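These notes are about the structure you will find just below.
The values are calculated or read from the model by the stated rules, or taken from the named source; none is laboratory data. On a predicted model such as this, the values are computed, not experimentally measured, just so you know. Ideal geometry is used to build each Cβ from the backbone, glycine not excepted, and the neighbour counts take in all protein chains shown. The area values use the complete protein model at the heavy-atom level, side chains included, leaving out ligands, DNA and RNA. Shrake-Rupley method; radii C 1.70, N 1.55, O 1.52, S 1.80 Å.
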Amino acid sequence: MIQTSPVRRQRGNAALYVVLSVLVVAGAGGAVYLLSQSEEDAPQPQEMPSQEQAALSAEPPAIKQVDMQDTVIDDRPAREGKTVDSQNDDSAGEAGLFERGGRKIPLKDGLTGGSESLIGADAEAPASSARKVHAVDAFDYGVLDGRVRIGVFGKGPIPDYRVRLSNDHYVIDMPGEFRYVENFSQALSVERFGVARASLGRYERGMRMRIDVTPALKHEPFLIEDSRGLMIAFEPRKNG
């Protein structure tokens, strides 16, 4: 039986340890190299801009061009439900009432228009459900060149009416459905040429205009069917 010398065994073990150490070092170096390569290939996160930088780099909104020649500015004063001072000069308060057209009819007791012409003078039939709904936009008066006009206006004509006259007041009933009448409940104080005042309100069939007159009235009254409502006009009599 052959026996190995202890010195030879120790040399063999030492050589094995050296080989293993070299392999471990080589493996560790390869791992470190691979990790460094993967970190270099990975995408780097981009730094987000600060809020101040974003505000400075943001584009301002587009400026809208305005053509002042095509721009309409509505600077008309609101006159809804306002009592007009009777001491104003003749040109004040007319609000274009004398520039309007329309059918002009002498105002007489019993005068009717529209569907009211089809029923008797004493009829109290309810307003038809087929009648158009009106929205009242203005109730105003004007005085110009010795003439007086009082009108109620909306978005369209008021074809249905009935007139009742007495020595001290004129009543124009307008059957139908009217909105915003209460916004014009304050009376208009005219006090010119025998026309005292005018008021607007509701009655059981629709809207009613009342005009109070005095014995000093020398003007001739007319009803004007306006394209946006109704007007009562007082004009000097031609025979004086």
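Looking at the range 154-165, which of the residues that are surrounded by fewer than 23 Cβ atoms within 10 Å (Cβ to Cβ) and under 29 Å from the mean Cα position of the chain (by Cα) is nearest to Arg205 (Cα to Cα)?
Top of the filtered list is Pro159.
From Arg162, Arg237, Arg228, which residue is under 22 Å from Arg103 (Cβ atoms), modelled with pLDDT of 95 or more and out of contact with any Pro (no Cβ under 6 Å at 6 or more places or on another chain)?
Of the residues listed, the single one that is under 22 Å from Arg103 (Cβ atoms), modelled with pLDDT of 95 or more and out of contact with any Pro (no Cβ under 6 Å at 6 or more places or on another chain) is Arg162.
If the Cβ limit is 8 Å and pairs must be 6+ apart or interchain, which residue in the range 164-175 that is under 15 Å from Arg149 (Cα atoms) pairs with which residue that is hydroxyl-bearing (Ser, Thr, Tyr)?
So the pair list comes out as Ile172/Tyr161.
Quick check on Val213: is it β-branched (Val, Ile, Thr) and either surrounded by 14 or more Cβ atoms within 10 Å (Cβ to Cβ) or modelled with pLDDT of 95 or more (or both)?
yes
Any residue at all in the range 176-184 that's within 22 Å of Arg103 (Cβ to Cβ) and either of a type in the set (Asp, Glu) or in contact with a strand residue (DSSP E or B) (Cβ under 6 Å, 6 or more places away or on another chain) (or both)?
Yes, because at least one residue in the range 176-184 is within 22 Å of Arg103 (Cβ to Cβ) and either of a type in the set (Asp, Glu) or in contact with a strand residue (DSSP E or B) (Cβ under 6 Å, 6 or more places away or on another chain) (or both).
Enumerate the pairs (first residue in the range 182-198 and more than 12 Å from Asp140 (Cβ to Cβ); second residue anywhere and open to solvent by 90 Å² or more (accessible area, probe 1.4 Å) and not in a strand (DSSP E or B)) with beta-carbon separation below 7 Å, excluding pairs fewer than 6 apart on the same chain, so at least 6 apart or on different chains.
Within 7 Å, the pairs are Asn183/Glu80; Gly194/Lys218.
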